[in-house]
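See below for the structure under consideration.
Laboratory data are not the source of any read-out in this text; all were calculated from the coordinates shown. Everything quoted here is computed from the prediction, not taken from an experiment. In this analysis, Cβ positions are derived from the backbone assuming ideal geometry, glycine residues included, and neighbour counts consider all displayed protein chains.
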Amino acid sequence: MSYKSLPLRKEVKKVIHLVLHAIALILGIIGIYAAFKYHNESSIVNLYSLHSWLGIVLIALYGIQWIYGFLVFFFPGGTLGLRSASLPWHVLFGLLVYVLVVGNAVLGYLEKLTFLENSGLAKYGAEALLVNFTAIVTILYGVFVVMTALSPPPVEDDDGYSAI
């Protein structure tokens, strides 16, 4: 999205894209560490659900995507032919991982809601509605991100200016 929404030079957009995804990768790793730490301190077994399995697989795929993009598109950088051939696959794989991450987040909401309901939370109580509403907002946000990523970029004139 940084390539389509920021009126900057391509090189600057590339660095912003790289840094934002590096931050997201680091935060994802910290999140998985926090989940393991919480489970270990609370005597809860690890990796017992589809949500946790997918979380591990998706953070690994995200890391592979980031490393591949760094090596091919940034440093040391692949040949022009390799970059041209890789770009559509890089975009497709990135969107695929993103859609799976959004789905896994919603699966996590469902898992948490199930635990809460089994411990006495009312099925139609305010908390249950809040969890469901948050899941719907997460899905809608994911849809809008994918639509933005698939939309054509704004046309820039010769001076590098484009309308916002």
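Structural remarks
- In the chain, excluding the sites themselves, the longest stretch lacking any of the trypsin sites (Lys or Arg not before Pro) that are in a DSSP loop with at most 15 other Cβ atoms within 10 Å is 10-122.
- Nearest-ten-degree value, helix 10-41 long axis tilted from longest Cα axis of the chain: 20
- Counting only chymotrypsin sites (Phe, Trp or Tyr not before Pro) that DSSP places in a loop and that have at most 14 other Cβ atoms within 10 Å, the longest clean stretch of the chain runs over 49-123.
- Local net charge near residue 71, Cβ-Cβ under 14 Å (Lys/Arg +1, Asp/Glu -1): +2
- Look at the dipole of segment 1-56 built from charges on Cβ: of 43, 31, 2, the Cα furthest out on the positive end belongs to 2.
- Amide H to amide H, with H built 1.01 Å from N, residue 8 comes under 5 Å of no residue 5 or more places away or on another chain.
- Expected 222 nm ellipticity per residue - DSSP helices of 4 or more, -39500 (n - 2.57), all of the chain, to 500: -26000 deg cm²/dmol
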